[in-house]
Amino acid sequence: MTDVQLLMYRQDVPAGASADTLFGGAPSVGPDFAWPVCAHCSGAMMFLGQIRPSAADRLLLIFMCSNDPGMCDEWDADAGGNAVLAVTSHGLRLADLPTDGDVVRPRYGAQVEPVTAKDYDAARSHWGEAHDGRQREVLGQLGGVASWLQGDETPACAACSKPMTLAAQLETGPDYATEMNFGGGCGYVFDCDCGQGAPKFLWQG
């Protein structure tokens with residue numbers, strides 16, 4: 001058994017820049033930020049959310065192309081249809097939004113709730129059973145061990161070539177109408193302890 005760090009939906013969220021984990025809206029960025037574009041269609045990517053890893057002094061900003069879903073390999077960690085940018089958690093501002101492309105989702109917050117269970121799936125199930133009808137409020141897990149839907153696809157770090165560490169596993173979101181497009185599955189954010197390689201994102205449906 002372990003304490004699984006569930007990410008739970010929070011409706012209240014600061015209107016301005018924030019160093020916390022949250023989803024949608026505009027990303028909180030530093031002075032040198034440039035909005036990422038898709039390697040396939042060259043359009044601006046959608047901002048999915050920002051993750052503050054445990055005890056970290058930085059944010060992981062997650063982007064995915066939504067301009068032509070399914071055509072830009074946006075599920076792949078290395079194909080250029082998504083991006084994860086690491087920014088320091090100090091001196092943040094809200095990014096200016098691109099004028100073109102499908103780039104914004106509704107904004108909502110997240111908080112960590114530890115649940116003792118054997119793994120993420122069990123923790124999510126236990127929380128859902130204790131809170132009938134509210135399982136979509138479980139937004140994923142912070143850190144921990146990935147619960148794969150289609151087999152282990154842990155990416156290798158581009159700098160040191162070692163398997164990367166799970167920073168967060170993400171569900172599609174609290175509202176079916178505005179959920180993130182993971183093909184009905186989960187998203188996975190990875191980082192590396194070497195501190196040299198860029199974080200990565202992928203999803204499985």
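The values are calculated or read from the model by the stated rules, or taken from the named source; none is laboratory data. Model, not experiment: these values are computed from the prediction. Reconstructed Cβ throughout: ideal geometry from the backbone, glycine too, with neighbour counts over all protein chains shown. Each accessible area value is taken on the protein alone, full model and side chains, heavy atoms only, with ligands, DNA and RNA left out. Shrake-Rupley method; radii C 1.70, N 1.55, O 1.52, S 1.80 Å.
Brief remarks on what is shown
- In this rough spin-label picture, where each label sits 7 Å from Cα along the Cβ direction, the residue 102-residue 33 distance is 2.2 nm.
- Remark: accessible surface ordering of 74, 113 (largest first) is 113, 74, probe radius 1.4 Å.
- Given charges at beta-carbon only (K, R positive; D, E negative), |dipole| of segment 53-94 in Debye: 360 debye
- Summing Lys and Arg as +1 and Asp and Glu as -1 over all other residues whose Cβ lies under 10 Å from the Cβ of residue 156 gives a net charge of +1.
- Protein accessible area in the chain, 1.4 Å probe - carbon and sulfur %: 48 percent
- Accessible area expressed per residue, segment 96-150, with surrounding protein chains retained (probe 1.4 Å, Å²): 57 Å²
- In loop segments of segment 111-181 as defined by DSSP, the chymotrypsin sites (Phe, Trp or Tyr not before Pro) with at most 15 further C-beta atoms inside 10 Å of their C-beta are 148.
- Each distinct pair of alpha carbons in segment 1-50 adds a 1/r term; the inverse of their mean, the Kirkwood radius, is 13.5 Å.
- Within-15-Å neighbourhood charge of residue 196 [Cβ basis; K, R +1; D, E -1]: +1
- Calculated mean residue ellipticity at 222 nm for the chain: -1500 deg cm²/dmol, from DSSP H runs with n ≥ 4 weighted as -39500 (n - 2.57), summed, divided by the residue count and rounded to 500.
- When 162, 118, 200 are compared by accessible area of protein heavy atoms, the largest-first order is 118, 162, 200, using a 1.4 Å probe.
- For segment 56-205: rounded, prolate or oblate by the Cα gyration tensor [a/c cutoff 1.5]: rounded
- Gyration tensor (alpha-carbon) shape descriptor, segment 99-177, a/c threshold 1.5: oblate
- Net charge of Cβ neighbours under 10 Å - reference residue 76; Lys, Arg +1; Asp, Glu -1: -3
- The Rg/Rh ratio for segment 36-119 is 1.03, where Rg is the radius of gyration of the alpha carbons and Rh is the Kirkwood radius.
- Cα→Cβ-extended label distance, 7 Å offset, between residue 118 and residue 149, nm: 2.2 nm
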